Structures are given as C-alpha cells and as structure tokens.
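Contents: one structure, followed by commentary.
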Amino acid sequence: MIKTVSTTPYQDQKMGTAGIRKKVKTVIQENYLENFVQSLFDAIGGVKGQTFVLGGDGRYYNDIAIQKIIKMSAANGMKKLIIGQNGMLSTPASSRVLLKNHADGGLTLSASHNPGGINGDFGIKYATANGGQCSSAISAKIYERTKEISSYQTLDAKDVDLSKLGVQHLEGMEIEVIDPIKDYLLMMEEIFDFEAIKKLFKTNFSFVFDAMNAVTGPYGVKIFEEVLGAKKGSVHQAKPLPDFGGLHPDPNLVYAKHLVDLMWSDNAPDFAGANDGDGDRNMILGKKFFVSPSDSLAILTDNYAQIPAYKKGIYGVAKSAATSTAVCRVAKALNIACYEVPTGWKNFCNLMDSNRITFCGEESFGTSSSHIREKDGIWAILFWLNIIANTGKSVEQITRDFWAKYGRTYYLRFDFDGIDTSVADQLMKDLEANLKSFEGNTYEGHRVTDAHPFVYTDPVDGQTTQNGLLVYFEDGARICYRLSGTGTNGATLRVYIESYDPSNFDKDAKQELSGLLKVAMILADIEKRTGKNKPDLTT
Ligand code: VG1
Ligand code: CO
C-alpha cells in the first residue's frame, strides 16, 4: 500500500564531484535517505513510467538503502527497476546496463573510494539517460528541492528478495534482478582481444588483481580467472565486505600499501592491478614499478591501435585540468584534439556523446573510454594486459618506451586534509585574487609565466564552470590548486604539481617536485593559514 510520510528537510544534501557523499551516521538519520531520493525524483519531474538501474558497491547500509529506494520507486510510479543481484553493481557495469537498456536513470549506492562500515561513508551517484552522472545544473535543482521537501511516497511492503535472478512485481512496478557481471563481460569481450590475453595467461606471466574487498571482486574472479584463465587465487581480497575489511578502498600507493609491498618483494608477480570501492578507479603496477595515472592515460592513448575496438582510429582525448599534460603530447603527435575539463567524470560526457573524444582520464586513478560514461577500473587493466599480450613487454618497458618517445612528466598530488572549511575557502579566494601578482616573479628558481583560474565552457551545452587555479612556470612546470568535492571531513586542499624532463627519466618524483611543493606552499600561504608544514597525503 502506498503511503505519504511527512518529513522535514535537512539542509546539507548537496551533491559534490560525484553524487552525494556523507558519513554513514548522517545518512542513517530518520528520513535522511528518503528526503534525498524523493527530492531527486521531484527535481527531475517525477519518475512515473520510467526505468531505472539500481545497485551499489555493497558497503554498509547498501542493503537497507536499496530496499527503501525500491519501495519509494514503486510508490512514485516507476515502471521498472533493473537491479544487480544482491544489490551489487559496479559503477562502470551500472553505466553499461543503463545504456544497453535505454533506461531513464541509474542510482549507484556508493561513496566510491571513501572508507565504509558504520564509521565510514555512504553515498549515491545519480546517472541520467546518457549513462553518466547528472550535470551540475540538475544537482543544483535536486539540492534546492532537498531544502523544502515536506513529504515522500513509499510503500508498506515486505522487503524484496534480491538474491533470485529474474522478474518480479511490486505494486505494479516490474523488478528485474540481473547478473551484475554478464553485460559488462560481454562488452569487455567486444573491446579487447581476449584470445591474446588468454595466451598470455598460459605463459609464465604472473598476475594479481586486488579488489580491495569491494565490488569488483566477483567481476575479477569471473573475468580474469574463469574466462581469461589467470591462475585461481590471482584475484586478491575478492569478497565484497560491508566495511571493506577495514581497508580504505582507494587504489593508490598509500592505501594499497599491502599490494605495493608485494610488488616490491621477491615474490612480485609481473603485473598487479587494483580497483576502488565501486570499481571505477584503477592502479597499475609492474615489478617494483608504479605507473602514474596521468602517464597511464597517455600510454593507453599512444597504444590505441593495439586494441581491436580502437584500432580503426580514435577521436580526441580529454583530461581533467588537474591531470598531467602527458596525454596532450601524445594527442599532438597523433594529431587529435586534447580537451581539458573540470574535475569530475560528468564533464567528459558531452565530449563523448558528440564524438569529440574516445579516451579520457583523471589523475585520481581514473581512465576510461566512450564505451560507457564512467571511468572503468577493469577496462584499464584489460587494456594494459592486451598491450602486454601483443608486445611481450613488461609494464616498466612499456612505460620507459613511452618516456623515451615523449619525455617524462613528473607528477604528484599533495592533499592537505581536514582543514576548517572557512579557512580553505578564504585561502582559495585570496590565492585567486593574488594570481596575477605572481606573473613574472621567480620563486625558488622557478619563474611564473602565467597564472589564472581554470574556466571551462562546455562546447556542447555552453555551460561555464570554474574549478581550480593554475600557475605555469617557464620551465614547463605547473601547479594546480583546488578543493575536493568528495570529502566528508572538513575541507581538503589538493595541490597538483608537475614538471617535465625530455631526457632524464630516473629521478625520484618526490625529490624532483619538492622545490615546486615549497613554491606551492609559499604562493598559497598554506602553512600560516592551515598550520600544516607538509601535506597529509601524497599520491
Ligand atoms: C575526486 C577526484 C576526482 C574524481 C572524484 C570521484 O574528486 O579528485 O578526479 O572524479 O573523486 O571519484 P575531488 O573533488 O574529491 O577531488 V570516485 O572514484 O569517488 O567516483
Ligand atoms: Co570510485
């Protein structure tokens, strides 16, 4: 039976870089989730007669939230929900299912790379019919609605059994529980040369995929072990756990330290890949070798012709402004366009829809192509495996060949965490006001040639977005500053730094960039304002 429940608004339900993301303790407050979901439905003009895709990364509260959303969807007149079995769907798989079924929207229950469990985070990503996360204009509308919501619609009904595949009905709404892996696997088989990768796994090539106890474990077991023939047990931390086994499911050198230790040990396999909580991020490692995500995007682009789906040619490429310029050098050599967009995958979608780009990526361990409208962790790993299978080269050799061809871009991101929000906002405001005064001056031996805010006008919808501040140096170095839009704990200031060396590839990145980090701290007056004399996290 449909019922209308009165509620009062929460004032903090603003979506960030990738959906809404909050502490679990916030989300489990009475009507918190219901308010957000009803506001979303209202803001898009209702969901009567529509079809949505629904799933999540299995984190704490996934099971409860999904039942609430199912009942609210039925009560709001939704025609059909396509749900991953047991409520699980990775972000890339969800985008695939949405596009394949021409669904009207999709909800992925995930706080992505943020920790889970009762003391961790929960979140919802909302995708529109194009398969990508909603535009800023839509999220602004949803936010406005959350501030005035007074009731929501739900059902008095038993929970739905999500373990059984197939169709069932709830108050006139069709529910189809699907295998979360099947469509995704089919798409990967269409893109890559699975036969070549199978042959690679028949040699003594050794491989590890670390799912970080998150959603891609079962995808990894199916794709790498069962279909491609990687040794049983190649997938580590394969069982999705509500608290990710206490891990921070962000695949980088700091949070996946266990994998880094393995790759620098005597037992290191030839290749290791890892994914984040919802399966859209990837880290690539070789024996005692780390591929920076900005380089990975550039290397995949340079090797596009190795892959069946792309060998006929690619459109342009795109990167977030914070990502290193390595891919731009490849684009120039290939004579294709290279776009620079604000951080957040939604900013790539119009470029893909209009056939302006094929590949895109972000420094935050995200790479993908126009096969879907999200970043795709397993796709990136398969791409690397396909190159290795074709060339017989190691991860390190492929990367070194790339540096030899284009030079090396040294790149790191430095995060200053848990800053008081007003301090962070003021820092950015003052820095922006000071930018012009840096031009022509030399700091620690680096002369500033240009400094300006990053402003992007989308060539398709004409929307203009400002995100981040950029400082360019005469020697080709660059600093980008921006505030994170995914944190749940005060503000995080991200400082992205790169330098370019056409011939010396063996410097230590931290050492190479230490001088520029000093400059970055001086220009933004970081120590005095935040009390921090060094970053909290370097990735
Ligand atoms: C971070 C990354 C950004 C990424 C976003 C979502 O955003 O920097 O590149 O798109 O997370 O990733 P921010 O605003 O905190 O810098 V995921 O894997 O959480 O969907
Ligand atoms: Co993610």
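The values are calculated or read from the model by the stated rules, or taken from the named source; none is laboratory data. Predicted model, so just to flag it, every value in this text is computed and none were measured. With ideal geometry, Cβ positions are generated from the backbone for all residues, glycine too; neighbour counts draw on all protein chains shown.
Checked against the criterion of being under 22 Å from the mean Cα position of the chain (by Cα) and either closer than 20 Å to A230 by Cβ or aliphatic (A, V, I, L, M) (or both), the candidates L109, L165, L155, L170 yield just one match: L109. Within the range 38-56, which residues are buried (at least 23 other Cβ atoms within 10 Å of the Cβ) and either within 16 Å of ligand 2 (Cβ to nearest atom) or part of a helix (DSSP H, G or I) (or both)? The answer is Q38, S39, L40, F41, G55, G56. Just one of (1) exposed (fewer than 13 other Cβ atoms within 10 Å of the Cβ); (2) in contact with an Asp or Glu (Cβ under 9 Å, 6 or more places away or on another chain) fails for P502. It is (2). Filter the range 273-290 for residues that are within 16 Å of ligand 2 (Cβ to nearest atom) and not in a strand (DSSP E or B) and give the result. Answer for the range 273-290, where residues must be within 16 Å of ligand 2 (Cβ to nearest atom) and not in a strand (DSSP E or B): D276, G277, D278, G279, D280, R281. Residues in the range 112-125 that are assigned to a strand (DSSP E or B) and under 14 Å from the mean Cα position of the chain (by Cα): G123, I124, K125. Within the range 14-33, restricting attention to residues that are within 16 Å of ligand 2 (Cβ to nearest atom) and outside any strand (DSSP E or B), the residue that is farthest from the chain's Cα centre (by Cα) is M15. Would a scan of the range 486-499 turn up a residue that is farther than 26 Å from A18 by Cα and surrounded by 13 or more Cβ atoms within 10 Å (Cβ to Cβ)? Yes - at least one qualifying residue is present in the range 486-499.
Residue by residue, here is whether (1) surrounded by fewer than 22 Cβ atoms within 10 Å (Cβ to Cβ); (2) within 16 Å of ligand 2 (Cβ to nearest atom); (3) of a type in the set (V, I, T) holds:
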{"site": "D376", "(1), (2), (3)": "no, yes, no"}
{"site": "L385", "(1), (2), (3)": "no, no, no"}
{"site": "G392", "(1), (2), (3)": "yes, no, no"}
{"site": "D401", "(1), (2), (3)": "yes, no, no"}
{"site": "D430", "(1), (2), (3)": "yes, no, no"}
{"site": "H446", "(1), (2), (3)": "yes, no, no"}
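Selection within the range 94-111: residues that are within 14 Å of ligand 1 (Cβ to nearest atom) and part of a helix (DSSP H, G or I). The member of this set that is surrounded by the most Cβ atoms within 10 Å (Cβ to Cβ) is S94. Filtered by the rule that a residue be buried (at least 20 other Cβ atoms within 10 Å of the Cβ) and either modelled with pLDDT under 95 or in contact with a helix residue (DSSP H, G or I) (Cβ under 6 Å, 6 or more places away or on another chain) (or both), the range 311-328 gives I314, V317, A318, K319, T323, S324, A326, V327. Of all residues in the range 98-126, those being of a type outside the set (V, I, T) and within 13 Å of ligand 2 (Cβ to nearest atom) number 11. Among the residues of the range 259-272, the one identified as without any contact (Cβ under 8 Å) to a residue 12 or more places away in the chain and either in the same structural domain as R21 (by TED's automatic domain parsing) or part of a helix (DSSP H, G or I) (or both) is D261.
Look at (1) touching a residue at least 24 places away in the same chain (Cβ under 8 Å); (2) farther than 30 Å from P218 by Cβ; (3) surrounded by fewer than 24 Cβ atoms within 10 Å (Cβ to Cβ); (4) touching a helix residue (DSSP H, G or I) at 6+ places or on another chain (Cβ under 6 Å) and you find that C338 fails only one, number (1).
If you check T301 against the conditions, is it away from ligand 1 (no atom under 16 Å from the Cβ), touching a Phe, Trp or Tyr at 6+ places or on another chain (Cβ under 9 Å) and part of a strand (DSSP E or B)? Answer is no for this residue. Restricted to the range 232-282, and to residues there that are of a type in the set (F, W, Y) and either buried (at least 23 other Cβ atoms within 10 Å of the Cβ) or within 16 Å of ligand 1 (Cβ to nearest atom) (or both), the residue that is farthest from N114 (Cα to Cα) is F271. Listed residues V254, V215; which is assigned to a loop (DSSP other than H, G, I, E, B) and within 15 Å of ligand 2 (Cβ to nearest atom)? Sole residue among the options that is assigned to a loop (DSSP other than H, G, I, E, B) and within 15 Å of ligand 2 (Cβ to nearest atom): V215.
Regarding the range 448-458, can at least one residue be identified that is modelled with pLDDT of 95 or more, in a loop (DSSP other than H, G, I, E, B), closer than 18 Å to K319 by Cβ and of a type outside the set (S, T, Y)?
Within the range 448-458 (the criterion being modelled with pLDDT of 95 or more, in a loop (DSSP other than H, G, I, E, B), closer than 18 Å to K319 by Cβ and of a type outside the set (S, T, Y)), the answer is yes, since at least one residue qualifies.
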